[in-house]
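The next block holds one structure in the form of structure tokens; read it before the comments.
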2 protein chains.
Amino acid sequence: MAAHRLGNLGFMAANLTDKTQLAMSAKHLCAIKTDQVNKSQTRSKVLSIDEMNPHVKNIEYAVRGPIVIRAGELEKELKQGAKKKFNSILRANIGDCHATGQEPLIFLRQVLALCLYPELMKDPSFPDDAKQRASRFLAACGGNSIGKGFSLNYPFHISYYLDESSNWSLSLDELKRSISEARPHCKPKAICVINPGNPTGQVLTRKNIEDIIKFAHEENLFIMADEVYQHNVYAEGSEFHSFKKVLMEMGAPYNEMELASFMSTSKGYMGECGLRGGYVELVNLDPDVIVQFKKALSAKLCSAVTGQAAMNVIVNPPKPGEPSFELFEKQKNTVLGQLKEKGKMTSDMFNSIDGISCNPVQGAMYAFPKIELPKKAVEAAQAKGLAADAFYCFNLLEETGMCVVPGSGFGQKEGTWHFRTTILPPLEQLGEMLSGIGEFHSKFLDKYS
Amino acid sequence: MAAHRLGNLGFMAANLTDKTQLAMSAKHLCAIKTDQVNKSQTRSKVLSIDEMNPHVKNIEYAVRGPIVIRAGELEKELKQGAKKKFNSILRANIGDCHATGQEPLIFLRQVLALCLYPELMKDPSFPDDAKQRASRFLAACGGNSIGKGFSLNYPFHISYYLDESSNWSLSLDELKRSISEARPHCKPKAICVINPGNPTGQVLTRKNIEDIIKFAHEENLFIMADEVYQHNVYAEGSEFHSFKKVLMEMGAPYNEMELASFMSTSKGYMGECGLRGGYVELVNLDPDVIVQFKKALSAKLCSAVTGQAAMNVIVNPPKPGEPSFELFEKQKNTVLGQLKEKGKMTSDMFNSIDGISCNPVQGAMYAFPKIELPKKAVEAAQAKGLAADAFYCFNLLEETGMCVVPGSGFGQKEGTWHFRTTILPPLEQLGEMLSGIGEFHSKFLDKYS
């Protein structure tokens, strides 16, 4: 199984065990939405209870096992008016202090509230030491925001290639080539799609998505759709289509296919990477598998409740007429408008540099320009045991202080070289960065020509 | 490898791979402190680089690989006054919006600040919809606090037994029995200690800890000390001793032993389960192992930044003279004082019930009373395929609405039955709960005698 992938698509060739673990280990899982399963299904599931890892099925966790499940049922029955010998459930099973009435530490919560909403620094009712503490934390966070953090997408894949010459489009022939080459080595069970794409910044057309769904149906693959950039669509004519919607609109037999769609507070117009909020929506899963999945999740820690609350706000944004609606919309449109401008500027400026070419940034937050590297530079890199684009990126860093990611870290067609840069720096700084890359590139070519 | 353990101690019999994964998968890891390694060490490490899982060593993650490490070094050099062609590092490698100047969504942050510090509900500058949203979240959280959550301690162990007849004390003979029985089946590499104990609520004496350290030294075991209840010590004469302190004070050869100590914001006087803050302190680890550990952590998501900020407050509480010191101390002492009272009340009331006995709750947040169950009840449980104490707990739930955890979920000496209850409910409610258990127990005995 290759450890890297190209562009925004890759097969999951893991067996069912690995797939389940992968799905469960996604840290931004915090809510599961499940769709009703059509009982008259004609096609067996890709992920059936029989094929699940027996170790998952054997998990028993007393602190949150069947007694706690029964307690939840009893709570529901009481709420529905059932008469019991008691009026409420007393949960003495887990050491959850605040749930049983302990008051939160005021200083701690003040510091956190100040970190999350620094406007409160002006509030005289907050003590100075809480303010100082919060200032210190914020100064240590990138961008003075506690929303800073890290994110990681599915690193174990069999890769296939997108077509750079036609705007990172998806070719069914390439998908077929890749799966045919993989079959002798493993049993591909799922296809992962990141749309809009990372690192290529491409937005799949509806036709692309239909093709992928048909291909997945033919090959009996579970679809895992990373749709965390769904709000980040900039190019004229580009539009986000969710896999679930397309799948449902295609009708039978496609509307019974298994799908997991992922969403996060870290991207979009929110950019709250530090809060760790997200969800996965599971569509058409075997109900027995859902039971095991929920059990396995319940034997793990939940994600931070602040992240869950943030995700809830994003899936239920303020509505017209509500006091926060206008400000919310304004902030959203400002962020997305700026990203659109930055995306266009990025590809335009790259394309104005000799030896660099870049497809339009249709969506997401990245550009993935191709760089032409002279033979001498490739040899110099080899002498240092580096891929040529890694060598280029090291030099860029040392010369200019700019930190980008070599294309070889994502996978790319043999003999081509790329790097990935975000389009996030403020407009002016981004302009300086792009000019700086142009100057560096010209000097680099001079040196190694 | 048994899937359950007893009391607050258990061997880690996992191989090095498992151990590393386990350490890394602890969700509340957010900071690593490492101690200087004595280069003249006479004893080889339990966890050496050669024995590490080669898959961990082979991890490469471009987005945060050597180029990003170099970028960090350059930042340091710039800070120390080094002259470069640039004044700062521009991080265009990851899509971290707030770090590059994007403004957080005001509505979202307002909602979160209100959730964390509901006192702000009175602040007229916060819009009503943000307040309503926060109220709805808080109502859905146990105890109206966003600090509610779940926690899970090391579930894969070879278990051994604590001596209930002498206050859950630790016997070296029992440790030796257990490891001798385990050796033919696996290669024990680590010993896990939870002190103060869960589910037994016991606090280890300094002599106990010294014995465990000597035993671990003799058997060449890595010590993993879960010390998250270090503030929760109530009994007269009981005192918390950290493994690190005891190990260091014992001097050579013990002060060179490998130790990992875990701490969390979820317990103690904080009880912030929902924030997911914590750390592990690594002592005397092989520096090559540390490098791999950091690399593996950097290829994962960090924990929520709110949790990291909370942990920072707890390890640096307000100092005397600072404005928040008195309130902080008052809240801390109130919580711990109430827990002390509740712990005493819990064991006293259990011991006043015929057929129930309970050791004093010296620390942590739990009582683990022993229940005598009549033969007929054991048979009725067997007929339902349940452990007798699980059957008892199901009946307790259905009859009284009280949810506790059967001792069979933790492991207990053959033929004995227990359950674990927290001591967290407010005093009055705890009293009612304990009386309720007494009444239930007497009826249960009548029914099955």
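A short reminder: the numbers here are calculations on the coordinates, not readings from a lab. Bear in mind that the values here come from a model prediction, so they are computed numbers and not experimental data. Cβ sites come from the backbone with ideal geometry, for glycine too, and all protein chains shown count toward neighbours.
Once you reduce the range B:391-449 and the range A:175-195 to the center of their Cα atoms, the two points are 53 Å from each other. Estimated from the Cβ-Cβ distance and a Förster radius of 25 angstrom, the FRET efficiency linking B:Glu218 and B:His55 is about 0.20.
Of all aspartates and glutamates in the structure, those lying under 18 Å Cα to Cα from B:Lys319, and not within fewer than 8 positions of it along the same chain, are A:Asp128, A:Asp129, B:Glu329. Panel note: the C-alpha atoms of the range A:301-449, placed on their principal axes, show extents of 63, 40, 26 Å (largest first). In terms of its alpha-carbon gyration tensor, the range B:369-424 comes out oblate; a/c meets the 1.5 threshold, while b/c is at least as large as a/b. Excluding same-chain residues fewer than 8 positions from B:Lys447, which aspartates and glutamates have a Cα within less than 17 Å of its Cα? Correct list for B:Lys447: B:Asp354, B:Glu372, B:Glu379, B:Asp389, B:Glu398, B:Glu399, B:Glu439.
Per-residue 3J(HN,Hα) values for the range B:276-287, derived from phi via the Karplus relation 6.51 cos²θ - 1.76 cosθ + 1.60 with θ = phi - 60°, read 6, x, x, 8, 10, 9, 9, 10, 6, 6, 4, x Hz in sequence order (x marks Gly and Pro). Applying both filters, DSSP loop and at most 16 other Cβ atoms within 10 Å, to the GluC sites (Glu not before Pro) of the range B:203-280 gives B:Glu236, B:Glu239. Distance cut-off 29 Å, Cα to Cα: go down the list A:Lys214/B:Lys300; B:Lys57/B:Lys176; A:Lys76/A:Lys300; A:Lys189/A:Lys300 and report the pairs above it. Those over the limit are A:Lys214/B:Lys300; B:Lys57/B:Lys176. For the range B:217-345, the share of alpha carbon pairs falling in successive 10 Å distance bins from zero is 10, 31, 35, 20, 4 percent. For the range B:340-449, GluC sites (Glu not before Pro) are listed when DSSP marks them as loop and at most 16 other Cβ atoms sit within 10 Å of their Cβ; the list is B:Glu372, B:Glu414.
Taking the label point 7 Å along Cα→Cβ, B:Lys122 and its counterparts in the other copies are spaced 2.1 nm apart, in ascending order.
Distances between copies at A:Pro426, taken between label points 7 Å from Cα along the C-beta direction, are 5.0 nm in increasing order. Averaging Cα coordinates gives a centre for the range B:282-311 and one for the range A:312-327; these two points are 37 Å apart.
Around the amide H of A:Tyr160, modelled in the peptide plane, lie the amide H atoms of A:Leu6, A:Phe11, all under 5 Å away and 5 or more residues distant in sequence or on another chain. Comment: the Cα-to-Cβ extended label point of B:Lys300, at 7 Å, lies 1.0 nm from its counterparts in the other copies, nearest first.
Take the convex hull of the alpha carbons in the range A:294-378; its mean projected area over all directions comes to 10.7 nm².
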